[in-house]
Every structure is written in structure tokens, then in C-alpha cells.
1. Tell me, which residue of the range 104-126 that is in contact with a strand residue (DSSP E or B) (Cβ under 6 Å, 6 or more places away or on another chain) and in a loop (DSSP other than H, G, I, E, B) is farthest from Gly86 (Cα to Cα)?
2. May I ask you to say which residue of Ile71, Ile121 is surrounded by 14 or more Cβ atoms within 10 Å (Cβ to Cβ), of a type in the set (Val, Ile, Thr), out of contact with any helix residue (DSSP H, G or I) (no Cβ under 6 Å at 6 or more places or on another chain) and touching a residue at least 12 places away in the same chain (Cβ under 8 Å)?
3. Condition (residue is touching a Lys or Arg at 6+ places or on another chain (Cβ under 7 Å), at positive phi and surrounded by 17 or more Cβ atoms within 10 Å (Cβ to Cβ)) applied to the range 15-33: is it met by at least one residue?
4. Any residue that is touching a strand residue (DSSP E or B) at 6+ places or on another chain (Cβ under 9 Å), surrounded by 14 or more Cβ atoms within 10 Å (Cβ to Cβ), closer than 30 Å to Pro140 by Cα and not hydroxyl-bearing (Ser, Thr, Tyr) - is there at least one of those in the range 74-91?
5. For the range 92-140, give me each residue that is within 22 Å of Glu56 (Cβ to Cβ) and small (Gly, Ala, Ser).
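Every number in this text was worked out from the coordinates using simple rules, so none of it is lab data. These numbers were taken from a predicted model, which means no experiment stands behind them. So basically every Cβ, Gly included, is an ideal-geometry build from the backbone, and we count neighbours across all protein chains shown.
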Amino acid sequence: MAVEKRALRLNTRGDTDILNITPQIAREVEASGVSSGVVTLFITGSTAGITTVEYEPGLIQDLREAWERLIPKGIDYHHDRHQGEGNGYAHVRASLLGPFLSIPFIHRKLLLGTWQQVVLIDFDNRPRSREVVLQIMGEP
């Protein structure tokens with residue numbers, strides 16, 4: 001079994017910024033020495049998460065609005081009282097979304113559905129520099 005670790009550095013705008021990172025992930029898998037296996041993605045930090053969606057403007061807006069309905073910014077969060085950063089909502093959103101995702105690949109091609117893209121969602125209340133750690137594992 002071969003294992004490779006790689007990382008992506010991305011700048012976000014915060015405020016539920018949704019970035020399509022599929023091309024970067026695909027490039028890293030294609031450039032790896034692993035032919036078939038799984039790539040695991042992990043976002044470092046506690047106010048962002050990773051998932052898959054159909055990355056099109058209508059759905060991106062729907063997703064932003066859904067997060068606001070589920071976990072609104074304008075209410076009182078205990079975290080804000082203790083830390084004073086005003087991003088308690090971002091921590092709760094990221095906790096529900098989760099920080100990791102695993103994607104199988106064969107012949108260095110991600111096995112995603114036709115309309116499925118990998119997205120990083122940054123919920124924080126300010127722009128951030130984010131790191132996505134990739135662990136690519138499988139057959140050489």
C-alpha cells in the first residue's frame with residue numbers, strides 16, 4: 001500500500017464562503033504515485049467544513065440560506081460570551097458539517113457523480129487562510 005500526504009492552502013472570504021476545490025483535489029490525486037484507492041480530506045480549524053454538492057449558483061445560494069435558517073448569526077451564543085469573537089454560529093455550523101471527507105478513485109480519477117463537486121465551506125466571520133490536508137492511500 002502506498003500513502004502520500006499533501007496539503008492545499010486556500011484563502012477564503014469567510015461568511016459562509018463556498019469554494020469548489022474539486023480541481024485541486026483531482027490534480028493532487030493525478031500527480032500522486034497512487035493509482036487506485038481513497039483520498040481523505042481534512043480541513044484544519046474549527047469554523048470550516050468539507051462536503052459535496054452540485055456547485056451551481058442557485059444551489060450555493062440555497063445552501064447559504066439553509067445554514068442561516070438552521071443556525072442563524074444574529075442570536076446569542078455562549079461561545080461569544082466566553083471568547084468575544086462573534087463567531088459562535090460558525091463553530092456550531094462547522095461542527096454539524098464536519099471537517100473531513102473520503103473519496104475513492106480508480107486510475108487516478110475521482111469517483112464523483114456527474115454533478116458532484118467537493119466544496120470547502122468557511123463559516124467564520126472574517127477572511128481566513130485555510131489548509132486542507134490530503135492523505136492519498138491505495139495501490140501504486
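1. Filtering the range 104-126 for residues that are in contact with a strand residue (DSSP E or B) (Cβ under 6 Å, 6 or more places away or on another chain) and in a loop (DSSP other than H, G, I, E, B), the one farthest from Gly86 (Cα to Cα) comes out as Leu111.
2. Going through Ile71, Ile121 in turn, the sole match is Ile121.
3. Yes, that holds for at least one residue.
4. No, because not a single residue in the range 74-91 is touching a strand residue (DSSP E or B) at 6+ places or on another chain (Cβ under 9 Å), surrounded by 14 or more Cβ atoms within 10 Å (Cβ to Cβ), closer than 30 Å to Pro140 by Cα and not hydroxyl-bearing (Ser, Thr, Tyr).
5. Gly113 - this is the single residue of the range 92-140 that is within 22 Å of Glu56 (Cβ to Cβ) and small (Gly, Ala, Ser).
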